[in-house]
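Have a look at the structure below before the remarks.
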Amino acid sequence: MHNSKITIDGNEAAAHVAYLTNEVIAIYPITPASPMGELADKWASENRKNIWGTTPSVIEMQSEGGAAGAIHGALQNGALATTFTASQGLLLMIPNMYKIAGELTPAVFHIAARSIASQALSIFGDHSDVMSARATGFAFLASNSVQEVMDFALIAQAATLKARIPILHFFDGFRTSHEVASIEPVSTETVRALIDDDLVQAHRQRALSPEHPVLRGSTQNPDVFFQARESVTPFYQAMPGIVQEIMDRFAALTGRHYHIFDYTGPADADKVIILMGSGAETVEETLCHLNESGEKNGLLKVRLYRPFCPEALLAALPSTVRSIAVLDRTKEPGADGEPLYKDVITAVAQDQMNDNPRFSRLPRVIGGRYGLSSKEFTPGMVKAVYDELSLTQPKQPFTIGIIDDVSLTSLSWDPSFRSDASKQTFSAIFYGLGSDGTVSANKNSIKIIGDKTQSYAQGYFVYDSKKAGAVTVSHLRFGSDKIRSSYLIEDHEARFVACHQPVFLERYPMLDKAAPGSVFLLNTALPIEEVWSSLPRSMQTALIEKHIEFYVIDAYAIAQACGMGRLINTVMQSCFFALVSIIPKTEAIDAIKNAVQKTYAKAGKRILDANLKAIDAALAGLHQVAVPAQVSSTHEIPHSVSDDAPSFIREVTGEIMSGRGDAIPVSRFSADGTFPTGTSRLDKRNLALQIPVWEPDICTQCGKCVFVCPHSVIRSKLFTDDSVADAPETFKHVPVLSKAFGNGLQISYQVSPEDCTGCNLCVEVCPIRDRENPARKALNMAPQPPLREQESINWDFFEHLPEYARTGLHHNKIPEAMHLQPLFEFSSACVGCGETPYIRLATQLFGDRMVVANATGCSSIYGGNLPTTPWTKNAQGRGPAWANSLFEDNAEFGLGMRIAIDKQREYAAELLLSLREMAGAELVDTILHADQNDEAGIYEQRERIEQLKHRLSGLPGATPKYLLSVIDTLIKRSVWIIGGDGWGYDIGFGGLDHVFAAGRNVNILLLDTEVYSNTGGQTSKSTPRGAIAKFSAGGKSTPKKDLARLAMDYEHVYVAQVAYGAKDTQTLRAFLEAESYPGTSLIIAYSPCIAHGVDLSNNLRQQDMAVRSGHWPLLRYDPRAADSGHNPLQLDSQKPSIPFRDYAMTEARFSMLSRTHPDESEKFMRQSQQDVNKRYQYYRDLADKLFEKKADTKGEKA
Amino acid sequence: MNSIDLTTDYLGLKLTNPLIASASPLSRSIDSARQLEDAGAAAIVMYSLFEEELRHQEEETARFMIHQEIGFGEADSFLPFDDRFEHGLDQYLNQLSALKNALDIPVIASLNGVSLDGWVDHGKLLQEAGADALELNVYYLSSRIEESGEAIESRYVTLLEALRRQVSIPIAMKLSPYFSSPAHFIKRLDQAGADAVVLFNRFYQPDIDLDTLQVISQLQWSRSADIQLSLRWVALLYGKLNLSLATTSGAHNANDVLKLLLAGADAIQLCSVLLEHGPAFLSTIKEGLTRWLETKEYAAVSEIKGLLSQKQISNPQVFERSNYINLLDGYSRSEGVRS
């Protein structure tokens, strides 16, 4: 390998070439392709040039559909244009892709291939998205590794210009897009040499121009469409030759020679696997190993999948092949084989019909599915496929990598099988906390080793689905040969295992990964003499049996002492280099110091010095622990769920929680993607270092703490004196202060200690201070560990106390409303999340009759990402029913729910009327005319429906049965459409607007973080002017879209803009009004987010400042008011009382711009102040306007 | 009007007049700095390079820009980190250079901090970036009852000495009035190499919000009446030390400026008044100053400087225990009256 190698991931490799070779780049965020757009945007904002010396124009669109449309327009006007996407995003581009290809327009789309949402969403990699686009007319080029991504990005660009057929260049999402690897870069000179400017000119000549006008995109009729469609065929026929020619020219420039089908293996192979994508790397690694023992296994890598060239495929295969397994990383339910399999078998069968077929007899061709949603594909699985090919009756079709005990398609494999590569590479695995810097430190280590040595390096990072307290597992490999292991480090492979958080010892059997004689490094605050006994038995056993060298360090103490707080990345990285001998220790330490210099130079000298100090301190603080000969521990890694949990919870949820999801067989899953709710309570994560402690003696029982808690861990409840007779000794309760409840009622505010994240917001909001000691509030934080056990017992007792009757509480008063049971609890949202209190509030008020349509985004991830869900139910088994359709369609999805409910209610009413006499006229009439506008009304209706069900069950005929199937819709249902600003302001706005117009009774909760939070902070149309965000690195220059104003324009939509941190009573009132409004309601909820660059312990302060500065006016627009002659608009916040700047500069999203673009920052601050003033005046004027009562139109003639 | 000589010596710099724009946000913008120069400012003190602010910026950068990952697969960062990102110090140095390029008047850089931990090193960088002088603003408030006044004073002197070793340009010490013996302390500073003292600084002061029972911090703009503290100490110190004397806090009009000059100030720094009325207001003050000198037939600022300082006046005790003296004087006869 040349010393010129670089260490990057697949996304950067693609973006690098795409940026160099294009002029217009239209982008939209979607995992795992977002980093490509982010990089392009960043480079453009830094004025980086393409190979023609100009900075490409990068524009973010409102959706992938928009991006494709913009690209189409750019291409038609002669620009070189590209985009990046994945999954659903690619599906949205398909209509334009037909057009772009149909018009023979050169372009390359780079795709980080990802699963399409079906029974569930998945962000991980497979080919179901690209396969969905294979009929568009685009050519398909598949990259199998990071090196190939960079190479093929260029080959694709050069080939498309010559062939005029657009190319979809794809690589596996996450496995390749996010794998960090050492590669030989494609130089700008190579790019320059391969891109033919004459072809660029030719493309420009074909552009639309009024100087030589043409019409393109005509409407054709039956007489000509068919023929015209056939006119492109010669271009497709020529394409494979052109791609090969470009590959040959590329080889001449770089020495890396690719073919449209690349065969690897002996020339006389009898068994061949055909596939594309990163799995091909694992197959190649494995076949080399297998063939050493005399097997004749081959591999055919499909590079150019479309246009499919059977001749080239057959020519590449040895004529000796007897059996072929075609592996597809996709599933087409109902098809008689997956796409690549069918292409191959068609090619082979058709060839066999020729006079001189390639094979003396038709080889057996079988097709199998593997690796869906980044499912592991290991050497053991590859071997199983080759073994299957040896059988006389191999399975057809088959799956590999799962246990299919339903359709019996799966092949079994030997999980202990390893290829030689595992011995030749040095593998290391690190268990870190998401926010402790482990991943970035490991990326840095890979870079150091990649740059300092001749070694090849590979890094792959497995992330948690949680946002708070996430766990990351870093898989690093180093080797003298190219690393083809596109799978995770397997058991007994890792020569270095690091545990960066001692709490993980309770959760992960991490030493299963350790190889004999390996090194185990543990970060622990325990004294050395206590460390051994703190380990579970299985870990002690592994340390002894595998002769593992055991080291410890108190990284937190060192980080703290060096002034780095809880950031232990530098400390742990230094230990890694000290304990492994990949690079001489002193050289490695120097390299870390250099890297630290580079990283922290911009941060400042003090931070830099702290890190440098930490490196030296780490080496001094590293200690070896003598491993005793005998196991002595008395504890084991605990089970995730109790043995008496329901079977699904034990066999599915619990197994996923324990990290054994891969082994769950097909039969355990519901075939339609249904899961039980109420499972987040099983996952006790003990994230908090400190938890709130209630001081009943000074508490005024205002309920604000319950209101602001993002994780629903602090609850209040009312109960009778006698119900606490057997309460645990430390359970706190006092008589309720409110006179409204009379005597004899007790109240308790109880915290779930193991679910609390320690965000401090409840203490922050607590308005009560001890008169004698102002430092003491009615809630105060205290260390969690000493309280954990006691408070868990108290929590358990509290939970088992019966809920106070909903009908006995005033829902419009916060102290009382907060006694309502939350049906959204313990989500995996970020610590201090600004969104979740709104959702919890909705579930408290309406949860037992709530149906939720949830747009894809943060709320669908912390709401619906396995293994557990925070959506839960009450003691009667009622609770929100929740579903996620897509990102873009959520408003329509929710509207559909409403329409269905209304229709069914109407149908139920019709049936009920027809059964009036049989079911009891009085009961029927009462049901049909029931007033369900308050909790008591709903309660009574439920009682009546129960009575009716009972009566119906005894009635003969079909009608009662029909009625029973829809009878529950006679109880008032509350439809909630929940999503973020990326959905509501951008991709879903068209649908949202239509739902406004439709006026049906739905409640829209828009959780406005002013940025695409879930995908990493990209700009939305809600992003305020002057804020930096991804895709607006230079600060957003246009003001935030005023969605409230747009919705109010309809005049029949209830609109509220709320921020509970500024005025909780207004928020509560808005929720009640919105739900009671019989038409469409929109609540735009200000939601501070980590993407704002402010610690969320300041969440409430930020909301308050946003309101006081006028950035976030509080308002309610109730169309009902107009009916009584009142102005429907109520402005609930005062005139801006602090400068916008004072609010903005407390958040890094605004303040950082003053460090990069001070003049623009200054300008934006001035403009934003004007925006604020203008908006306030607009709303003030509107709210102050005398309102004339609507003319009574009842008597008017049509 | 042109016949009046307004020049003054301050910090070894020959200034065209005694009016200096004090450290304020006005120096953050080249435009407003130019307006100050156009309005007649003789020098400009840059906004302060705050030790705490730099530290805050560093921590903010580390927290929100360098360590953004939370371990979530869909997002390893949330805010774009622009390569043009400037460390607060670099930004200050660049602004200093830009001001030097844009202005003809001297630019005085301002360092505000209390620790020896590195930031004194910044002085050298400021000198290299073209600062004509440094103003060292040390506001150290000890809450440790073990720490004596002497120890606190020594801390200031140590800082000054450390900075003196780093730079060759003049150094002004901007002080608070809270010293037991300001005169003696300023003498120590004089001996330790200070070229000027600036009397006196204003600070954020704690207050209590009676609604929330929270302690809050706020900065009040000065008023004209606030010059009296500086006036007294300038008058007391005039002519007794080698270093030059400047005042800050309270000068809002030409009369304030004249009083301070008469008391012995070499230069008068203006802040609140310029923030309140805009940079152009400096010319109004300058005109007022000139007009008064003309009216009173003084040809130069130097003629009135220190005219009413303690050293020059007949009743020097008026600057000391003056209220008490006034009381006594109420009973005194004229010296010309026999018993």
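Can you name the residue in the range A:586-601 that is within 14 Å of chain B (Cβ to nearest Cβ) and either β-branched (V, I, T) or crowded, with 22+ Cβ neighbours inside 10 Å (or both) and, of all such residues, is farthest from A:R1155 (Cα to Cα)?
Our first condition is that a residue be within 14 Å of chain B (Cβ to nearest Cβ); within the range A:586-601, this holds for A:595-601.
Add one more test, that the residue is either β-branched (V, I, T) or crowded, with 22+ Cβ neighbours inside 10 Å (or both), and what stays is A:596, A:599-600.
Numbers: A:V596: 21, A:T599: 17, A:Y600: 15 Å.
Here the residue is A:V596.
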Exercise. Determine whether the range B:83-100 contains at least one residue that is under 30 Å from A:N1014 (Cβ atoms), within 14 Å of chain A (Cβ to nearest Cβ) and charged (D, E, K, R).
Key: yes
(1) of a type in the set (G, A, S); (2) over 23 Å from A:V471 (Cα atoms); (3) in contact (Cβ under 8 Å) with a residue 12 or more places away in the chain all hold for A:A725 apart from (3)
Residue hits (the range A:1139-1159; modelled with pLDDT of 90 or more, surrounded by fewer than 16 Cβ atoms within 10 Å (Cβ to Cβ), within 11 Å of chain B (Cβ to nearest Cβ) and in a helix (DSSP H, G or I)) are none
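Which of the residues spanning the range A:1024-1038 are charged (D, E, K, R) and within 11 Å of chain B (Cβ to nearest Cβ)? Before the answer, list the steps.
Filtering the range A:1024-1038 for residues charged (D, E, K, R) gives A:1025, A:1030, A:1036.
Selection gives A:K1030 alone.
Would you point out the residue of the range A:442-476, among those that are of a type in the set (S, T, Y) and within 10 Å of chain B (Cβ to nearest Cβ), that is farthest from A:V571 (Cα to Cα)? Break it down into steps so the answer makes sense when it comes.
Within the range A:442-476, the first condition is being of a type in the set (S, T, Y), and the residues that meet it are A:445, A:453, A:455-456, A:460, A:463, A:465, A:472, A:474.
Cutting the leftovers down to within 10 Å of chain B (Cβ to nearest Cβ) gives us A:463, A:465, A:472.
On the way: A:Y463: 21, A:S465: 26, A:T472: 17 Å.
Result: A:S465.
Please work out if A:K482 is at pLDDT below 95, within 29 Å of A:N11 (Cα to Cα) and within 14 Å of chain B (Cβ to nearest Cβ).
Working: at pLDDT below 95: yes; within 29 Å of A:N11 (Cα to Cα): yes; within 14 Å of chain B (Cβ to nearest Cβ): no.
Here the answer is no, as A:K482 does not meet what is asked.
Can you tell me which of A:F170, A:F174 is aromatic (F, W, Y), within 14 Å of chain B (Cβ to nearest Cβ) and surrounded by 22 or more Cβ atoms within 10 Å (Cβ to Cβ)?
Numbers: A:F170 fails: within 14 Å of chain B (Cβ to nearest Cβ).
Residue meeting the stated conditions: A:F174.
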Matching residues in the range A:662-683 (among the charged types (D, E, K, R) and in contact with a helix residue (DSSP H, G or I) (Cβ under 8 Å, 6 or more places away or on another chain)) number 2
Being among the small types (G, A, S), assigned to a strand (DSSP E or B) and either under 41 Å from the mean Cα position of the chain (by Cα) or surrounded by 15 or more Cβ atoms within 10 Å (Cβ to Cβ) (or both) narrows A:G217, A:G277, A:G298 down to just A:G298
The condition of being buried (at least 19 other Cβ atoms within 10 Å of the Cβ) and closer than 23 Å to A:Q844 by Cα holds, among A:I971, A:I987, A:I967, only for A:I971
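Yes/no per residue for (1) of a type in the set (F, W, Y); (2) over 23 Å from A:N96 (Cα atoms):
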{"residue": "A:H178", "(1), (2)": "no, yes"}
{"residue": "A:V191", "(1), (2)": "no, yes"}
{"residue": "A:I195", "(1), (2)": "no, yes"}
{"residue": "A:V214", "(1), (2)": "no, no"}
{"residue": "A:T219", "(1), (2)": "no, no"}
{"residue": "A:Y236", "(1), (2)": "yes, no"}
{"residue": "A:L253", "(1), (2)": "no, yes"}
{"residue": "A:Y258", "(1), (2)": "yes, yes"}
Exercise. Would you check if there is a residue in the range B:145-153 being surrounded by 20 or more Cβ atoms within 10 Å (Cβ to Cβ), more than 12 Å from chain A (Cβ to nearest Cβ) and more than 30 Å from A:T1019 (Cβ to Cβ)?
Key: no
Exactly one of A:E388, A:E332, A:E376, A:E338 is over 31 Å from the mean Cα position of the chain (by Cα) and charged (D, E, K, R), and that one is A:E388
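Is the range A:1045-1057 home to any residue that is among the acidic types (D, E) and crowded, with 21+ Cβ neighbours inside 10 Å? Spell out how you get there, then give the answer.
Step one: of the range A:1045-1057, the residues among the acidic types (D, E) are A:1049, A:1051.
Cutting the leftovers down to crowded, with 21+ Cβ neighbours inside 10 Å gives us none.
No, the range A:1045-1057 contains no residue that is among the acidic types (D, E) and crowded, with 21+ Cβ neighbours inside 10 Å.
If I ask for residues that are of a type in the set (S, T, Y) and closer than 13 Å to B:I152 by Cα, which ones from the range B:176-211 would you list? First the steps, then the outcome.
First pass over the range B:176-211, keeping only residues of a type in the set (S, T, Y): B:176, B:178, B:180-181, B:204.
Those that are of a type in the set (S, T, Y) and closer than 13 Å to B:I152 by Cα: B:S176, B:Y178, B:S180, B:S181.
Quick check on my filter: what residues within the range A:424-441 are more than 14 Å from A:V580 (Cα to Cα) and within 14 Å of another protein chain (Cβ to nearest Cβ)?
First pass over the range A:424-441, keeping only residues more than 14 Å from A:V580 (Cα to Cα): A:424, A:431-441.
Result: A:Y431, A:G432, A:L433, A:G434, A:S435, A:D436, A:G437, A:T438, A:V439, A:S440, A:A441.
Out of the residues in the range A:968-1021 meeting the condition of being among the hydrophobic types (A, V, I, L, M, F, W, C) and more than 20 Å from A:D902 (Cα to Cα), tell me which one is nearest to the other protein chains (Cβ to nearest Cβ).
Let us first name the residues in the range A:968-1021 that are among the hydrophobic types (A, V, I, L, M, F, W, C), namely A:970-971, A:975-978, A:983, A:987, A:989, A:992, A:995-998, A:1002, A:1004-1007, A:1011.
Filter once more, keeping what is more than 20 Å from A:D902 (Cα to Cα): A:983, A:987, A:989, A:1005-1007, A:1011.
Details: A:W983: 15, A:I987: 16, A:F989: 22, A:L1005: 22, A:L1006: 20, A:L1007: 16, A:V1011: 8 Å.
Looking at the filtered set, the residue picked out is A:V1011.
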Sole miss for A:I489 among (1) of a type in the set (V, I, T); (2) away from every other protein chain (no Cβ under 14 Å); (3) surrounded by fewer than 22 Cβ atoms within 10 Å (Cβ to Cβ); (4) within 26 Å of the chain's Cα centre (by Cα) is condition (3)
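In the range A:71-95, what count of residues is obtained for those that are under 20 Å from A:H203 (Cα atoms) and either over 26 Å from the mean Cα position of the chain (by Cα) or of a type outside the set (S, T, N, Q) (or both)? Outline the logic, then answer.
Our first condition is that a residue be under 20 Å from A:H203 (Cα atoms); within the range A:71-95, this holds for A:71-83.
Retained after the next criterion (residues that are either over 26 Å from the mean Cα position of the chain (by Cα) or of a type outside the set (S, T, N, Q) (or both)): A:71-81.
The qualifying residues number 11.
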The one condition B:Y47 fails out of (1) of a type in the set (F, W, Y); (2) closer than 14 Å to B:L274 by Cβ; (3) within 9 Å of chain A (Cβ to nearest Cβ) is (3)
Every listed condition ((1) under 19 Å from A:F174 (Cα atoms); (2) charged (D, E, K, R); (3) more than 10 Å from chain B (Cβ to nearest Cβ)) holds for A:E38 save (3)
If you go through A:A542, A:A561, A:A591, A:A555, the only one that is under 29 Å from A:P638 (Cβ atoms) and in contact (Cβ under 8 Å) with a residue 40 or more places away in the chain is A:A555
Of the residues in the range A:1082-1112 that are more than 14 Å from chain B (Cβ to nearest Cβ) and assigned to a helix (DSSP H, G or I), the one that is nearest to the chain's Cα centre (by Cα) is A:N1099
Requiring at least 2 residues that are crowded, with 17+ Cβ neighbours inside 10 Å, in contact with a Leu (Cβ under 9 Å, 6 or more places away or on another chain) and more than 14 Å from chain B (Cβ to nearest Cβ), the strands (runs of 3 or more DSSP E) wholly within the range A:696-805 are A:714-720, A:745-751
Selection from the range A:946-1003 of residues touching a residue at least 60 places away in the same chain (Cβ under 8 Å) and of a type in the set (F, W, Y) yields A:W976, A:W983, A:F989, A:F996
In the range A:870-896, residues that are under 18 Å from the mean Cα position of the chain (by Cα) and either modelled with pLDDT under 95 or surrounded by fewer than 23 Cβ atoms within 10 Å (Cβ to Cβ) (or both) total 5
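The values are calculated or read from the model by the stated rules, or taken from the named source; none is laboratory data. Model, not experiment: these values are computed from the prediction. Cβ: placed from backbone, ideal geometry, glycine included. Neighbour counts: every protein chain shown.
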